Amino acid sequence: MSKRITIDPITRLEGHGKIEIFLNDAGDVERAYLQIPEIRGFEKFVEGRPAEEMPQITSRICGVCPGAHHMASTKTLDSLFGVQPTEAARAIRELYYHLHFFEDHILHFYILGGPDFIVGPDADPAERNILGVIGKVGVETGKKVIDIRKRARHMVNEIAGKNVHPVLGLPGGVAKPFPGEQKETLLAFAADAVEFSRFTLDTFNSVVLENKTYLDLILSDTYLHKTYYMGMVDDHSNVEFYDGNVRVIDHDGIEVTQFTPPEYANVIAEHVEPWSYIKFPFLKEIGWKGFVDGKDSGIYRVAPLARLNAAEGMSTPLAQEEYERYFSTLGGKPVHNTLANHWARLVEILYSAEKIKLLSESEELYSPDVRNMDLQTPSEGFGIVEAPRGTLIHHYKTDERGVMTGCNLIVASLGNSAAMCMSIDRAARSLIKGGEVNQGLLNMVEMAFRAYDPCFGCATHSFPGKESFQIHITDPNGKLTGTVVRNGNGKIGIVKQ
Amino acid sequence: MSKPKVAVSWNSSCGGCDESIVDLEEKILDVAEAVEFVLWPCAMDFKYEQIEALPDEDITVSLINGAIQNTDQEHVVKLLRRKSKIVIAFGSCACYGGVPSLLNLKNLDDSFRVSYTNSPTVINEQGTVPSADSEDDGHALSLPSVYKSVRKLDDVIDVDYFLPGCPPTASMIASALTALLEGKLPERKSVLASNKSLCSSCSRNDSKPETVSIKNLVRIHEVKADPGLCFLAQGIICMGPATRDGCDYPCIKGNMPCTGCLGPFDRTDQGAKMTGTLGGLLEAGDEEAAKKMADGIVDPAGTFYRYSVAASLLGGKREGEENE
């Protein structure tokens, strides 16, 4: 009798998703689906709104990475109004953006994804969270994490008014100069941020990389896909978050294309399935061939793993050292192992910390000249940034007053939507055999999406429904024959109907 | 004595309310010490069955954020209502519909068209749209249905208290939790924030115009805003006069006007209040001047009701509307 397993919802991520696993008569996986159950309709309801409000409206797509939407939108306004930000405004925006990356990546490592490694993939689910992490690494380290995030977010408040839903961006600049009285606080923070990043990498090294079981897990076929990779690069092909061309490489690391924001629709197309509200981007020239990897399939990946693959290096010295260690440990470029995202994310934390330090020492940051008022009549604008979760594209059309008439968003997590479906499918096939299921195995299926640090709220511009975890077992006619639940102490139990 | 049980849950929201709880920083460790979390999906692997197994009203308080946009969400908030002594509508989406309820000014079918067929990047020759029931390769799959309009939480369940803000600030959250733990919550149905206007605490209030004096309305990107002067005095629409106080005006400190995220005061329509205020300040000598002034407000609905469409006459739950 074939069976169906539902994991709803998947946890420790931003947003809602569920996994449907279909087993054949032998209890092996026939096919696993990752479904996203909602849509919020941002692209429609922004029509009629003034374009200058878009950085604040689109930040409401995601309160976890509001900075990414805010900045992509602000850059789209630059393009829409045909204006370049002043040097000071650019420095402030970049500083703001690296602060955002730094604290957001830390959130993922210690709260969302890290528990799988630090507490353990098949640990008691009741402990597999930040409190469990603090239990493992100690209260002092826990306080260190809270403290560095607090200081990063304090700086963001000073620069952008608010952390969650900033008010910084305007076409051609920012709303206010860097507050001079915060300079000493910033300099002290920058130095500590670099140290904290190194400490986090050391922790990853001792807890994960020096544990052969974990290293084998990272390198295993269960979490492997050969796809195209996309990421922003600077003029020297180094990893870049704020501004640059977007580069795509193939499975062997060879550049396929580079594009600027207005060219995005020549490179990227989106596929629609009836069973998920999420859309599935692919490389237009290669085409949509279904949920398969390999060179003939247009599926590409974004976010830390992809960014490090798509670039030739890091522009800061400590991050560059770590970049080299990363590729030499994992067997050279490109790295196709999905779980390597966790390490790549930490390389980026170090890079952001170093950039914060460089920017804090730059003269331009402290200049009061933060607005270029030479605005042109608007009609269409494009803006791209690297969000913590991947390449983020905003595209607006307006009337001559700058009132929105059209909007298209290729949101960061969307870039991994097809790859995540494949990763879930592959992990489920490899881990579930002969109908044997336990919570550790199911969590290891979830780890296949968690490595991407997805934000499904962003991806469908929507957020979740159910907060349950249960597995329904049904017969082929859909009749419920049993339910698998996690009980109070986190153990798995089966309730027969 | 056992610790008070706390559930945190989200619906159609952005996760910003959850982030704001994390922004309690080291205080979150004290909170984790004082209470027992029984649900917090974005941070912890707690499960729904555990909630169903609890006796009714066993949870001391449920903090529910996000607007309600589909049947799944309705199901969960009804469950939490049954299991909780106190439900707090957490954040402006739960209190007033929030930014997502701007969708109530549009047609849902248009929204699907824009996303799935008319987008400049979508290749969808068959016109596929996601649907409640579908089949892929012999596998039956389902999705929840989306409501035609976005609701605030108390359209769906009885709500005891309201904590507005987009998001509520960490200090507002700390005050509410302290009042709760000390048994000092105000009268049921209260909004857990001041009932004064934002202007009452704003550092720029001294320069706020009191009489007819605004000759021109300008948009924020068209000018370099003076960092010390009331935005209204500069002809820039600031929602302060129609918006509840309590956030410590961070946007204005960021040199940007208030957009109204804490919503209206008690028994007030935010847009009506703002329109009235502007009416008393705009200097429109003749019909032509008045028309020019009105043209300066390019998006009245989205400006005056940015966070409160679902709580307004404009775009609340529509009469006779089906749930699905």
(request) Please determine, by comparing only the residues of region B:53-83 that are at negative phi and of a type in the set (Asp, Glu), which one is farthest from the other protein chains (Cβ to nearest Cβ). (result) B:ASP56
(message) Which of the numbered conditions does A:SER276 fail, given that it passes all the others? Conditions: (1) away from chain B (no Cβ under 14 Å); (2) surrounded by 14 or more Cβ atoms within 10 Å (Cβ to Cβ).
(response) (1)
(message) Given the criteria within 21 Å of A:PHE382 (Cα to Cα) and in the same structural domain as A:LEU215 (by TED's automatic domain parsing), does A:ARG90 qualify?
(response) yes
(message) Residue under question is B:CYS251, and the condition is that it be free of Cβ contacts under 8 Å to residues at least 12 places away in the same chain and touching a Gly at 6+ places or on another chain (Cβ under 9 Å); does it hold?
(response) yes
(request) Spot the failing condition for A:ILE57; the list is (1) facing chain B (nearest Cβ under 9 Å); (2) touching a residue at least 24 places away in the same chain (Cβ under 8 Å), and only one is missed. (result) (2)
(request) Residues being surrounded by fewer than 13 Cβ atoms within 10 Å (Cβ to Cβ) and touching a residue at least 60 places away in the same chain (Cβ under 8 Å): count how many of those fall in region B:173-195. (result) 0
(request) Can you give me the number of residues within region B:167-218 that are among the small types (Gly, Ala, Ser), more than 14 Å from chain A (Cβ to nearest Cβ) and part of a loop (DSSP other than H, G, I, E, B)? (result) 6
(request) Filter region A:82-122 for residues that are touching a residue at least 40 places away in the same chain (Cβ under 8 Å) and assigned to a loop (DSSP other than H, G, I, E, B) and give the result. (result) A:GLY82, A:VAL83, A:GLN84, A:PRO85, A:THR86, A:GLY113, A:GLY114, A:PRO121, A:ASP122
(message) Going through A:THR338, A:THR329 one at a time, which residue ends up being of a type in the set (S, T, N, Q), surrounded by fewer than 21 Cβ atoms within 10 Å (Cβ to Cβ), in the same structural domain as A:VAL156 (by TED's automatic domain parsing) and over 28 Å from A:MET54 (Cα atoms)?
(response) A:THR329
(request) Say whether the condition of being surrounded by fewer than 23 Cβ atoms within 10 Å (Cβ to Cβ) and within 27 Å of A:PRO368 (Cα to Cα) is met by at least one residue in region B:238-249. (result) yes
(message) Can you report the number of residues in region A:182-219 which are more than 22 Å from A:GLU354 (Cα to Cα) and assigned to a helix (DSSP H, G or I)?
(response) 12
(request) Among the residues of region A:43-61, write down those that are touching a Leu at 6+ places or on another chain (Cβ under 9 Å) and not small (Gly, Ala, Ser). (result) A:GLU43, A:LYS44, A:PHE45, A:VAL46, A:ARG49, A:GLU52, A:MET54, A:PRO55, A:ILE57, A:THR58, A:ILE61
(request) Scan region B:111-170 for residues that are crowded, with 16+ Cβ neighbours inside 10 Å and on the phi > 0 side of the Ramachandran plot and jot them down. (result) B:GLY165
(request) Run down A:GLU47, A:GLU14 and say which single residue is more than 18 Å from A:ILE384 (Cβ to Cβ), buried (at least 24 other Cβ atoms within 10 Å of the Cβ) and facing another protein chain (nearest Cβ under 8 Å). (result) A:GLU14
(message) A:GLY493 - would you say it is farther than 20 Å from A:ALA32 by Cα and either more than 12 Å from chain B (Cβ to nearest Cβ) or modelled with pLDDT under 65 (or both)?
(response) yes
(message) Any residue at all in region B:258-276 that's without any contact (Cβ under 8 Å) to a residue 40 or more places away in the chain, away from chain A (no Cβ under 14 Å) and either under 20 Å from B:ASP206 (Cα atoms) or hydrophobic (A, V, I, L, M, F, W, C) (or both)?
(response) yes
(message) Which condition from (1) within 12 Å of chain B (Cβ to nearest Cβ); (2) farther than 30 Å from B:ARG219 by Cα; (3) touching a residue at least 24 places away in the same chain (Cβ under 8 Å) is the one that A:VAL207 breaks?
(response) (1)
(message) Of everything in region B:136-160, what is closer than 24 Å to A:GLY287 by Cβ and either outside any strand (DSSP E or B) or more than 8 Å from every other protein chain (Cβ to nearest Cβ) (or both)? Give them in sequence order.
(response) B:ASP137
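The values are calculated or read from the model by the stated rules, or taken from the named source; none is laboratory data. Everything quoted here is computed from the prediction, not taken from an experiment. Don't worry about glycine lacking a Cβ; one is built from the backbone with ideal geometry, like all the others, and counts go over all protein chains shown.
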